[in-house]
Amino acid sequence: MKRTGVLVAATALLCLGAFRPAFAQTEERLTTLDGVYTEEQALRGAEVTEAVCRECHDDEEFVGAFIRSWAGASVAALYDDIYSLMPEDQPGSLPPQQYADVIAYILQLNGLPPGEVELGVARESLERVVIEANR
């Protein structure tokens, strides 16, 4: 009886992730300094910005102080903010990938390095990336 209780407790802890290796936890977190978008994605984001955002915004609004104000937040938080507010006349009306592409463009504008993999739209992947300003 005692052994069964220990097995149940161990199984519960494993399900909750209590025994996840430390290296797995560090691999899950990225920052915007780790190349979380591609150059091609940033180009698409520039096109969306030109077609949809330029009427109200210029690139300078998203450089420097803007990205520093998001430092420490997840890319998911930035995505949610842009998605829920833009475009101003129809928030949330763009395809999800276009919002991610615009974020890639914003990262590029701030001199943050591109990488080999595009910034996705899955919530989990956006939450893994912490915004960090360029050094």
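The values are calculated or read from the model by the stated rules, or taken from the named source; none is laboratory data. Keep in mind the model is a prediction, meaning the values are calculated, not measured. Cβ placement follows ideal geometry from the backbone for every residue including glycine, while neighbour counts extend to all protein chains displayed. Accessible surface areas use protein heavy atoms only, side chains included; no ligands, DNA or RNA. Shrake-Rupley method; radii C 1.70, N 1.55, O 1.52, S 1.80 Å.
Here is the figure for region 63-86: residues that are more than 14 Å from residue 132 (Cα to Cα) and either of a type in the set (A, V, I, L, M, F, W, C) or touching a residue at least 40 places away in the same chain (Cβ under 8 Å) (or both) total 4. Once region 27-62 is narrowed to residues that are open to solvent by less than 50 Å² (accessible area, probe 1.4 Å) and among the hydrophobic types (A, V, I, L, M, F, W, C), the residue that is farthest from residue 125 (Cα to Cα) is 53.
Taken over region 67-81, the criterion of being under 15 Å from residue 29 (Cα atoms) and assigned to a loop (DSSP other than H, G, I, E, B) is satisfied by 71, 72, 73.
Could you check how many residues of region 93-109 are surrounded by fewer than 17 Cβ atoms within 10 Å (Cβ to Cβ) and either in contact (Cβ under 8 Å) with a residue 60 or more places away in the chain or not small (Gly, Ala, Ser) (or both)?
Within region 93-109, the subset surrounded by fewer than 17 Cβ atoms within 10 Å (Cβ to Cβ) is 93, 95-97.
After this cut, where a residue has to be either in contact (Cβ under 8 Å) with a residue 60 or more places away in the chain or not small (Gly, Ala, Ser) (or both) as well, the list is 95-97.
Final tally of qualifying residues: 3.
Before we move on, is residue 73 out of contact with any strand residue (DSSP E or B) (no Cβ under 9 Å at 6 or more places or on another chain) and of a type in the set (A, V, I, L, M)?
Numbers: out of contact with any strand residue (DSSP E or B) (no Cβ under 9 Å at 6 or more places or on another chain): no; of a type in the set (A, V, I, L, M): yes.
Considered against the rule, which asks whether it is out of contact with any strand residue (DSSP E or B) (no Cβ under 9 Å at 6 or more places or on another chain) and of a type in the set (A, V, I, L, M), residue 73 comes out as no.
When region 83-106 is filtered for residues that are assigned to a helix (DSSP H, G or I) and touching a Leu at 6+ places or on another chain (Cβ under 9 Å), the ones remaining, listed by number, are 83, 100, 101, 102, 103, 104, 105, 106.
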